[in-house]
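Student: Take a look at this one; I'll ask things after.
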Amino acid sequence: MQEKTGAEKYTSVQIPTKLVEQIEKRIQGTEFPTVTSYVTFVLSEVVSETEPEQKEALSKEDDERIKDRLRSLGYLD
Amino acid sequence: MMLQGDCNYIVSGLERSGTSMMMQMLHSGGVPIAYTESRKADVNNPKGYFELEGGKIITSLMKGMFPIEKYQGKFIKITAYGLSYLPSTGKYKIIYMERNLEEVLDSMEKMSNVVDENREQTKQSFQRLNEKVKKEILSKENINVLFIHYNEMLKDPIPQVQRICEFLGTCEVDTAPMVSVVDKQLYRQRRV
């Protein structure tokens, strides 16, 4: 998982080869250029949802409502 | 003028809170900013959006794909929601715009051309987002924040421009053009 270099420093995480193959298939034709970008996105979403401080401050409903509005304004895909 | 080359400078705040105006002010004052014409000026922002990635910078940040280091030493615009996705390493200076929330929501409705039937809920959600983001950025030692109130800027820009110069730690900023950017004719969703 070191195919991407960008703004943040990256490190290696071991995940099953079979899962990587599944992700490779899943991201075909999507906006995710690499397995790393997809995994980073998914993990960021999971972590942000489970962080106690954030959960307390912004509910899932708030988050969805805000994202919907940002999409309608052209700030989010 | 030059900004610190090891620091990311960001104009932020809720959407429709004056972030584009602030970018334009900085640009007029000779402060380095980075933007593309990927999102053209329109009736909602007649002087331009001053954005990167066609306004979809939040999407790139969420995916960890935005090359923020490339923009050190220049101001870029990242609206409030995107600040939670900034890389945790690095040094940041943020000018965070605030505006009467009813005006923000009025402007959002006008821009998206919809009437929000759940406006009170939307208001509470954005209020919580605003508080959460401000709390986050204020709690981090690597982030330095200046809060500028849009409505105060419109009322009397000179003291606000002076605050910006102090925040940037320079007297090289050309303040007169910055002040002249503040266009009261564009203050269309007035509530206060």
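Taken together, the values in this text are just the output of simple stated rules run on the coordinates, not laboratory data. These numbers come from a predicted model, not from an experiment. We place every Cβ from the backbone using ideal geometry, glycine too, and count neighbours over all the protein chains shown.
Student: For chain B, modelled as a GNM with alpha-carbon contacts under 10 angstrom, which of B:162, B:121, B:72 fluctuates the most?
Tutor: Comparing B:162, B:121, B:72 in the GNM, the peak value goes to B:121.
Student: Further question: Pop out the ³J(HN,Hα) list for segment B:88-102 in order, Karplus 6.51 cos²θ - 1.76 cosθ + 1.60 with θ = phi - 60°, rounded to Hz; leave Gly and Pro as x.
Tutor: 6, 8, x, 10, 10, 10, 10, 9, 9, 7, 10, 8, 3, 5, 5
Student: On average, how many beta carbons from a partner chain sit within 10 Å of the beta carbon of a residue in B:57-69? Kindly include the intermediate steps, with their values, before the conclusion.
Tutor: Numbers: counts 2, 5, 7, 4, 2, 7, 12, 12, 12, 3, 4, 3, 3.
Across the residues of B:57-69, the mean count of other-chain Cβ atoms within 10 Å is 6.
Student: Now for a separate question. Could you tell me which residue out of B:46, B:60, B:36 lies farthest along the dipole of segment B:1-69 toward its positive end? Charges go on the beta carbon: Lys and Arg +1, Asp and Glu -1, centred on the Cα centre.
Tutor: B:46
Student: Running a GNM on chain B with Cα contacts under 10 Å, which residue among B:44, B:118, B:100 ends up with the highest mean-square fluctuation?
Tutor: Its mean-square fluctuation being the largest, the pick is B:118.
Student: When a/c reaches 1.5 or more, the comparison of a/b and b/c decides; with that in mind, is segment B:84-150 rounded, prolate or oblate per its Cα gyration tensor? Let's see the in-between values first.
Tutor: On the way: a/c = 2.61, a/b = 2.21, b/c = 1.18.
Prolate.
Student: To the nearest 20 Debye, how big is the dipole of the protein assembly as shown about its Cα centre, given +1 on the beta carbon of each Lys and Arg and -1 on that of each Asp and Glu?
Tutor: Numbers: 37 positive and 40 negative charges, 56 e Å.
With Lys and Arg at +1 and Asp and Glu at -1, about 280 debye.
Student: Put +1 on the Cβ of every Lys and Arg and -1 on every Asp and Glu Cβ in segment B:42-136; which of B:126, B:76, B:92 then has its Cα farthest towards the positive end of the dipole?
Tutor: Result: B:92, furthest along the dipole toward the positive end.
Student: Students often get this wrong, so check it: of B:74/B:123; A:25/B:40; A:60/B:135; B:110/B:140; A:60/B:47; A:18/B:140, which have C-alpha atoms separated by over 30 Å? Walk me through the numbers on the way to the answer.
Tutor: Working: B:74/B:123 32 Å; A:25/B:40 36 Å; A:60/B:135 19 Å; B:110/B:140 35 Å; A:60/B:47 35 Å; A:18/B:140 39 Å.
In this structure, B:74/B:123; A:25/B:40; B:110/B:140; A:60/B:47; A:18/B:140 lie more than 30 Å apart at Cα.
Student: Run through all the Cα pairs of segment B:1-128 and give the fraction in each 5 Å bin from 0, expressed as whole percent.
Tutor: Final binned percentages: 2, 10, 19, 23, 20, 14, 8, 3, 1, 0.
Student: Right, here's the next one. For chain B, what is the charge dipole size about the Cα centre, in debye to the nearest 20, if Lys and Arg each add +1 at the Cβ and Asp and Glu each add -1 at the Cβ?
Tutor: Here chain B has a charge dipole of around 180 debye.
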